[in-house]
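> Have a look at the structure that comes next, please.
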Amino acid sequence: LLSSDILCHKLKVLSCQHQYWETSEEHSPPTLNDLLGHVLKLVDYGISGTPAVTVYRTLFTYYLTMQHSPIGAEITGLVLDVLVRQPKFIPHTIEFLNSIERQCPDSPLPLMVLADYSQQLASSKLPDLLAHLPLHLLFLRQAAAHTQIQPLVMLQIMSRALRESSLCSAGLWEVGTALLDVCNTIMRRHQTEAIFKDLIDLLQLISREYNDVGIQM
């Protein structure tokens, strides 16, 4: 077994034991940090690979068994905290959210994470937004696929990034394609009457100013 498999198995055993702690009058149930403290520190430092895979696999296992306990709420907060501290783990987070949606279709966790982090991006400092822009656009595309999340904030984030930086003059194809992917998802999944002007303004800005002929078209 790989080291991540061994660690996940040990943590899974602890998740089973947690159910006993919850019903015990003699023992207080541990917090998520008690159970995952060491590995969470590695992820907090931005160490990818085995630590990141282990954390997300374990959070998924814990959520399946303890989503209605205080641990379930802790997991939501932890996933958001990891996103804020280390946007490099956005792909891991998206896979985690997709897994939760498949296994627990009534869970509020995916929508809460997608909506809350989109709002945080809207209020973030421009350098922080631009530093991981391709990943942030990947996250916004995921959020845009959910009709329960208002798309206006996504349009505002993209418009701000283009108008207040040199993105248009740089004309990076990867960024331009990601911008259009978000717009395309919004148009396919949402009613656009309320956001029509904002959407048209953004698309016209890209067509007029973005320094890549393929993206302008």
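> Kindly indicate which of His92, His68 is farther than 18 Å from Met154 by Cα and under 15 Å from the mean Cα position of the chain (by Cα).
Values: His68 fails: under 15 Å from the mean Cα position of the chain (by Cα).
None of the others qualify; the one that does is His92.
> Go through segment 181-198 residue by residue and tally those that are out of contact with any Leu (no Cβ under 6 Å at 6 or more places or on another chain), in a helix (DSSP H, G or I) and open to solvent by less than 50 Å² (accessible area, probe 1.4 Å).
Matching residues across segment 181-198 total 3.
> Identify the single condition in (1) farther than 24 Å from Leu83 by Cα; (2) assigned to a loop (DSSP other than H, G, I, E, B) that Thr147 does not satisfy, given that it satisfies every other one.
(1)
> Shifting gears a bit: Could you tell me whether any residue of segment 40-47 is out of contact with any Asp or Glu (no Cβ under 7 Å at 6 or more places or on another chain), surrounded by fewer than 16 Cβ atoms within 10 Å (Cβ to Cβ), farther than 19 Å from Gln142 by Cα and touching a residue at least 24 places away in the same chain (Cβ under 8 Å)? Working first, answer last.
Just the residues of segment 40-47 that are out of contact with any Asp or Glu (no Cβ under 7 Å at 6 or more places or on another chain), to begin with: 40-47.
Retained after the next criterion (residues that are surrounded by fewer than 16 Cβ atoms within 10 Å (Cβ to Cβ)): 41, 44-47.
Cutting the leftovers down to farther than 19 Å from Gln142 by Cα gives us 41, 44-47.
Subsequent filtering for residues that are touching a residue at least 24 places away in the same chain (Cβ under 8 Å) retains 44, 46.
Yes, there is a match, as at least one residue in segment 40-47 is out of contact with any Asp or Glu (no Cβ under 7 Å at 6 or more places or on another chain), surrounded by fewer than 16 Cβ atoms within 10 Å (Cβ to Cβ), farther than 19 Å from Gln142 by Cα and touching a residue at least 24 places away in the same chain (Cβ under 8 Å).
> Condition first: touching a residue at least 40 places away in the same chain (Cβ under 8 Å) and within 13 Å of the chain's Cα centre (by Cα). Can you find one or more residues in segment 99-112 that meet it?
Scanning segment 99-112, I find at least one residue that is touching a residue at least 40 places away in the same chain (Cβ under 8 Å) and within 13 Å of the chain's Cα centre (by Cα), so the answer is yes.
> Follow-up. So how many residues does segment 160-180 have that are among the β-branched types (Val, Ile, Thr) and open to solvent by 30 Å² or more (accessible area, probe 1.4 Å)?
Filtering segment 160-180 down to residues among the β-branched types (Val, Ile, Thr) leaves 175, 177.
Now drop any that are not open to solvent by 30 Å² or more (accessible area, probe 1.4 Å), which leaves 177.
Adding up the residues that qualify gives 1.
> Is it true that some residue in segment 29-43 is modelled with pLDDT under 85, out of contact with any helix residue (DSSP H, G or I) (no Cβ under 8 Å at 6 or more places or on another chain) and not in a helix (DSSP H, G or I)?
The answer is no, given that none of the residues of segment 29-43 is modelled with pLDDT under 85, out of contact with any helix residue (DSSP H, G or I) (no Cβ under 8 Å at 6 or more places or on another chain) and not in a helix (DSSP H, G or I).
> Of the numbered conditions (1) outside any helix (DSSP H, G or I); (2) under 16 Å from the mean Cα position of the chain (by Cα), Ser165 fails exactly one; give the number of that condition.
(2)
> Out of the residues in segment 49-92 that are open to solvent by 40 Å² or more (accessible area, probe 1.4 Å) and among the aliphatic types (A, V, I, L, M), state the one that is farthest from His132 (Cα to Cα).
Selected residue: Leu64.
> In this structure, is Met154 open to solvent by 40 Å² or more (accessible area, probe 1.4 Å) and either in contact with a strand residue (DSSP E or B) (Cβ under 9 Å, 6 or more places away or on another chain) or under 26 Å from Pro108 (Cα atoms) (or both)?
It is false that Met154 is open to solvent by 40 Å² or more (accessible area, probe 1.4 Å) and either in contact with a strand residue (DSSP E or B) (Cβ under 9 Å, 6 or more places away or on another chain) or under 26 Å from Pro108 (Cα atoms) (or both).
> Looking at segment 162-199 only, could you name the residues that are more than 16 Å from Leu140 (Cα to Cα), without any contact (Cβ under 8 Å) to a residue 24 or more places away in the chain and either of a type outside the set (S, T, N, Q) or touching a strand residue (DSSP E or B) at 6+ places or on another chain (Cβ under 9 Å) (or both)?
Across segment 162-199, the qualifying residues are Glu193, Phe196, Lys197.
The rows are residues; the columns are (1) of a type in the set (Phe, Trp, Tyr); (2) open to solvent by less than 70 Å² (accessible area, probe 1.4 Å); (3) closer than 16 Å to Tyr56 by Cβ; (4) part of a helix (DSSP H, G or I).
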{"residue": "Ile94", "(1), (2), (3), (4)": "no, yes, yes, yes"}
{"residue": "Asp106", "(1), (2), (3), (4)": "no, no, no, no"}
{"residue": "Ser124", "(1), (2), (3), (4)": "no, yes, no, no"}
{"residue": "Leu135", "(1), (2), (3), (4)": "no, yes, yes, yes"}
{"residue": "Phe139", "(1), (2), (3), (4)": "yes, yes, yes, yes"}
{"residue": "Met158", "(1), (2), (3), (4)": "no, yes, no, yes"}
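Okay, residues lined up against (1) outside any helix (DSSP H, G or I); (2) at pLDDT 80 or above; (3) at positive phi; (4) in contact with a Lys or Arg (Cβ under 6 Å, 6 or more places away or on another chain):
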residue: Leu11; (1), (2), (3), (4): no, no, no, no
residue: Thr58; (1), (2), (3), (4): no, yes, no, no
residue: His68; (1), (2), (3), (4): yes, yes, no, no
residue: Gly72; (1), (2), (3), (4): no, yes, no, no
residue: Val79; (1), (2), (3), (4): no, yes, no, no
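The values are calculated or read from the model by the stated rules, or taken from the named source; none is laboratory data. On a predicted model such as this, the values are computed, not experimentally measured, just so you know. When we count neighbours, we look across all protein chains shown, and the Cβ atoms used for this are built from the backbone with ideal geometry, even at glycine. Accessible surface areas use protein heavy atoms only, side chains included; no ligands, DNA or RNA. Shrake-Rupley method; radii C 1.70, N 1.55, O 1.52, S 1.80 Å.
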